[in-house]
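The values are calculated or read from the model by the stated rules, or taken from the named source; none is laboratory data. All of these numbers come straight from a predicted model, not from anything done at the bench. Methodologically, a virtual Cβ is constructed for each residue, glycine included, from the backbone with ideal geometry; neighbour enumeration extends over all protein chains shown.
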Amino acid sequence: MAAIAVHQFAQCITCHAWSPDQSMVAFCPNNNEVHIYRLSQDKWEKVHVLQKHDQIVSGIDWSARSNRIVTASHDRNSYVWNLEGSEWVPTLVILRLNRAALCVQWSPKENKFAVGSGAKTVCICYYEQENNWWVSKLIRKRHDSSVTGVAWHPNNILLATTSTDGKCRVFSTFIKGVDTKDSRTGPSSDSKFGEQILQLDLSLSWAFGVKWSPSGNTLAYVGHNSMIYFVDDVGPSPLAQNVAFRDLPLRDVLFVSERMIVGVGFDCSPMVFAADERGIWSFVRFLGERKMASSGSKYGSQFSEAFGKLYGQSKHGVSTDAVEPSRSRGGVHENCINCIVPLRQPGISTVMRFSTSGLDGKVVVWDLENQADLSDYL
Amino acid sequence: MCLQNFPCQEVERHNKPEVELKTSPELLLNPVLICRNEAEKCLIETSINSLRISLKVKQADELENILTKKFLRFLSMRAEAFQVLRRKPVQGYDISFLITNYHYEDMQKHKLIDFIVQFMEDIEKEISELKMSVNTRGRLVATEFLKQFI
């Protein structure tokens, strides 16, 4: 069994992030707050509640080295939280957005972060030392619809975005004064900010969940038409592969190693995709058991009561033999999984453990240590 | 039924069911129309955060027509109790359901589907029972009334 810990924190979790030492987890319980829980003596206790946003917090990221939390919310704002003493102090980031912020991620060097928004723009924010605040630069005029996912390339300059117009785009986010120009040839030689390096038009449906592989060679993103797209050699002539699968679409993906990726989505169980020696990707299996539990006859009880009250209980004799109650998918999560976060051990580039959170309010930690059939790909 | 929370692209700080607004065509998916015959149809329209199911119930004669209309209007007026029911059916249909991502977060998907199927079955049963009772009553009343002329 790959799931090693299941924690029920709230009724519904929008997104979550772990602290650098993995002792604390921050998540949004589907409202405008961020709750931080700490694991002490096998029990989770709520240590902080960050309350600054007015609407639901759509993205949380916790930087590993500088221990800062960035949160972005549907109220068009983003805050960077610094731990001072025992309190988290927020700093407002002027994003200059006029629609909701949908996703946020720290760059690998943690000097910048990217925010994707419903205003069809992406904001790249960096810290300006002279004025002691976070400044944003916008990438405008490129997206046709809301930006649903952002992902940084390991070189800290390239940024991949996915949008509900079905396209995945790669931009250069070189900022003078913040980034140093590496004497490397390749995609990072286009050093103008906001320059679109690549636009991938592979999906006919909305695109979500984009991630780069650990080396930055491969890009993967998910389409709402139950397909996952892999792009190698991102540059002037990329090679793309589509993998279609039978189940419900995914929401997010995570590269566990160069050749293995875990996807999570509406199926309530993580799916593993792997590439063989030739580099061809395919679906391997689901993680975790899939028990077929039958739902009880008390479906949506408040509805049947309301109905029964109107017409007398006798007429509404529960005849469940007439309609076969559909079975739940089983598995550890009961509802859609919408966020997957790696739990990296320092020094190791492959991810052995990761955690998922979903609309059922659970945060589940998974371990790939004992999966014999998957260890070839790690 | 894959819905997710999606803030409005047109108006800031708002979150509206996109299938009702239809302002951003890229957020809507192709509607599916399932027809059993001329008189029974089911239209399913989806978008990124909401889903609208409209059904047309079989009505064989005038009496069923009137009964269906009155009965479904009665239920739709009390739509709050049912949460997923829409107050007015879509033009051309008898009853509509609107399921948003909030329902998806609160309730489980397979139970929502079970509810809708069971609801429609119960409606059909109710209407046939009502029709039978109207006919029976009519017959009884007519018999009693005409007895005085025998």
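Tabulated data
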| read-out | value |
| --- | --- |
| Output for segment A:128-155, where each listed residue is under 17 Å from the mean Cα position of the chain (by Cα), hydrophobic (A, V, I, L, M, F, W, C) and away from every other protein chain (no Cβ under 14 Å) | A:V150, A:A151, A:W152 |
| B:I53 being in contact (Cβ under 8 Å) with a residue 60 or more places away in the chain and in contact with a Cys (Cβ under 8 Å, 6 or more places away or on another chain) | yes |
| Cross-chain or 6+ apart pairs with Cβ under 6 Å, segment B:71-89 first and closer than 23 Å to B:K131 by Cα and free of Cβ contacts under 8 Å to residues at least 40 places away in the same chain, then charged (D, E, K, R) and not in a helix (DSSP H, G or I) | B:S76/B:R87 |
| Per-region count, segment A:36-50, residues among the charged types (D, E, K, R) and assigned to a loop (DSSP other than H, G, I, E, B) | 1 |
| Hey, A:W62 under 14 Å from A:Q22 (Cα atoms) and in contact with a Phe, Trp or Tyr (Cβ under 8 Å, 6 or more places away or on another chain) or not | yes |
| Qualifying residue in segment A:61-69 (condition: at pLDDT 90 or above and of a type in the set (A, V, I, L, M)) | yes |
| A:S357 being at pLDDT below 75 and at negative phi | no |
| Number of the condition not met by A:Q129 [criteria: (1) at pLDDT 90 or above; (2) out of contact with any Pro (no Cβ under 6 Å at 6 or more places or on another chain)] | (1) |
| The lone exception for A:P238 - which of (1) at pLDDT below 85; (2) closer than 29 Å to B:V11 by Cα it fails | (2) |
| Residue check, A:A72 within 14 Å of chain B (Cβ to nearest Cβ), at pLDDT below 90, crowded, with 23+ Cβ neighbours inside 10 Å and under 27 Å from A:D144 (Cα atoms) | no |
| Condition met for A:H53 (assigned to a loop (DSSP other than H, G, I, E, B) and either assigned by TED's automatic domain parsing to the domain that holds A:A101 or not charged (D, E, K, R) (or both)) | yes |
| Tabulated pairs, segment A:225-236, first farther than 14 Å from A:Q199 by Cα, second part of a loop (DSSP other than H, G, I, E, B) and of a type in the set (F, W, Y), C-beta under 6 angstrom, 6+ apart or interchain | A:S226/A:F245 |
| Strands (runs of 3 or more DSSP E) wholly inside segment B:1-118 containing at least 2 residues that are within 20 Å of A:C12 (Cβ to Cβ) and within 14 Å of another protein chain (Cβ to nearest Cβ) | B:95-100 |
